[in-house]
Amino acid sequence: MRILVTGGAGFIGANFLNLLVPRHPEHQFVNLDALTYAANPRSLDPVASLPNYAFERVDLCDFSALRAVFARHQPEVVVHFAAESHVDRSITGPRAFVRTNFEGTFNLLEACREIWAPGQGIFHHVSTDEVFGSLGETGRFDEETRYDPSSPYSASKAASDHLVRAWHRTFGLPVRVSNCSNNYGPLQFPEKLIPLMILNLLERKPLPVYGQGLNVRDWLYVEDHCEAIWAIIGAGQNGRTYNIGGRSEQRNIDVVKQLCRLVAEETGAAEPELLGLIGYVPDRPGHDLRYAIDSSRIEAELGWKPRESFASGLRKTVRWYLANRAWIDSVRTGEYRRWIEQNYGSR
Ligand code: NAD
Ligand code: DAU
């Protein structure tokens, strides 16, 4: 198969390619990515020179460049990861989110429609559980949960999900949608909770916990997410949605405390000193209280379930950041430092 992956230089896309390109020499993979601040070409070192891998630097909002890539590579499967993905950035600068997540998805759907005969191809849209808004203390999101997004990020992803389903209903495009919970693991840009806290711990910087740290996220190790997407591409149904979650609900403050313990164990630092870095800062506006996913559909229909426990996945993640200082240095550009100053300077 000829498989076009968008956003493959970002966190989940790079993990997906690093897992699948070597495993499937019979498939050709093309990575289409604009290389925004969130991308790191170094993340693709394990596959960059493999014969079944190619890279195209293209912005999804540049429709003529996108068409040229489609004409050149004639993809049979599209896996759409590319997005602006960070909720806090969507609050300080929502325009890029509407542009990439909505207009970019629209362009991609149209590019598929141009080259695929009716019923041909697979368009896999990678989306988020944030489209469902917030849960209270109980309950879980399933595929029938009503959309109720809270942030500009989740609203733009919800809008993109609607486009994808409309292209299926109206034009018969063979789409599949997955809505996944919070991912963590290697190669995640250190603006997100877990890598930000690990790096701050290593540098003995304050650990900024929003509000009281009581918000709950359902954490999934990134490779488990990639395997779920691959299972849907292989055996999912067109027009169908699959929720993907880690069965691992954690309060933010508990995640941060676990990271203090792990970094202490892995580096020989004193745990009480690390715990002393925890600081409570003003909350994120519109902060959803709790996410939890009911993955029973993908488990029953496709036999997928998460393999990594949160305890072992978190330790692997800490070890990865400890062992990959060159990767960290390469993402810590001036732009990253400006973001840290802008987001945390006034909290
Ligand atoms: P990321 O921010 O790490 O990477 C996004 C990638 O998209 C980057 O490589 C970037 O260069 C690329 N990109 C951005 N705008 C582009 C454009 N206009 N044209 C082409 N490429 C562009 O994101 P991630 O965390 O890897 O998330 C990937 C996808 O998974 C997103 O669609 C996100 O909504 C979804 N998702 C993420 C999580 C999570 O916890 N990270 C959970 C569920 C769903
Ligand atoms: O649920 C899936 C979503 O998970 C994805 O769609 C998003 O792309 C991804 O960024 C993630 O969104 P979150 O907002 O949940 O992730 P983030 O890592 O930004 O925050 C996780 C929790 O930690 C959230 O409740 C906010 C809190 N937080 C975050 C940061 C960056 C803090 O308390 N302090 C921080 O400094």
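Which residues, taken from the stretch 19-39, are touching a residue at least 40 places away in the same chain (Cβ under 8 Å) and out of contact with any Ser or Thr (no Cβ under 6 Å at 6 or more places or on another chain)?
LEU19, LEU20, GLN28, VAL30, ASP33, ALA34, THR36, TYR37, ALA38
Hey, which of the strands (runs of 3 or more DSSP E) in the stretch 118-223, taking only ones fully inside, have at least 3 residues that are crowded, with 23+ Cβ neighbours inside 10 Å and at negative phi?
122-128, 175-180
Just to be sure before I move on: is ASN243 among the polar types (S, T, N, Q), surrounded by 17 or more Cβ atoms within 10 Å (Cβ to Cβ) and either in contact with a strand residue (DSSP E or B) (Cβ under 7 Å, 6 or more places away or on another chain) or free of Cβ contacts under 8 Å to residues at least 24 places away in the same chain (or both) in the structure I sent?
For ASN243, the condition - among the polar types (S, T, N, Q), surrounded by 17 or more Cβ atoms within 10 Å (Cβ to Cβ) and either in contact with a strand residue (DSSP E or B) (Cβ under 7 Å, 6 or more places away or on another chain) or free of Cβ contacts under 8 Å to residues at least 24 places away in the same chain (or both) - is met.
Show me the helices (runs of 4 or more DSSP H) found entirely inside the stretch 1-110 where at least 2 residues are under 21 Å from the mean Cα position of the chain (by Cα) and either closer than 26 Å to ASN238 by Cβ or of a type in the set (Gly, Ala, Ser) (or both).
Those helices (runs of 4 or more DSSP H) span 11-23.
Could you look through the stretch 1-55, keep only residues that are away from ligand 2 (no atom under 16 Å from the Cβ) and of a type in the set (Val, Ile, Thr), and pick out the one that is nearest to ASN101 (Cα to Cα)?
VAL5
Mind checking which residues of the stretch 260-302 are outside any loop (DSSP other than H, G, I, E, B) and either within 16 Å of ligand 1 (Cβ to nearest atom) or among the hydroxyl-bearing types (Ser, Thr, Tyr) (or both)?
THR267, TYR280, ARG290, ILE293, SER296, ILE298
Taking only the stretch 303-327 into account, find how many residues are within 16 Å of ligand 2 (Cβ to nearest atom) and in a loop (DSSP other than H, G, I, E, B).
1
Bear in mind that the values in this text are calculations on the coordinates, not laboratory data. Quantities reported herein were computed from a predicted structural model and do not represent experimental measurements. Cβ coordinates were reconstructed from backbone atoms using ideal geometry, including for glycine residues, and neighbour counts include every protein chain displayed.
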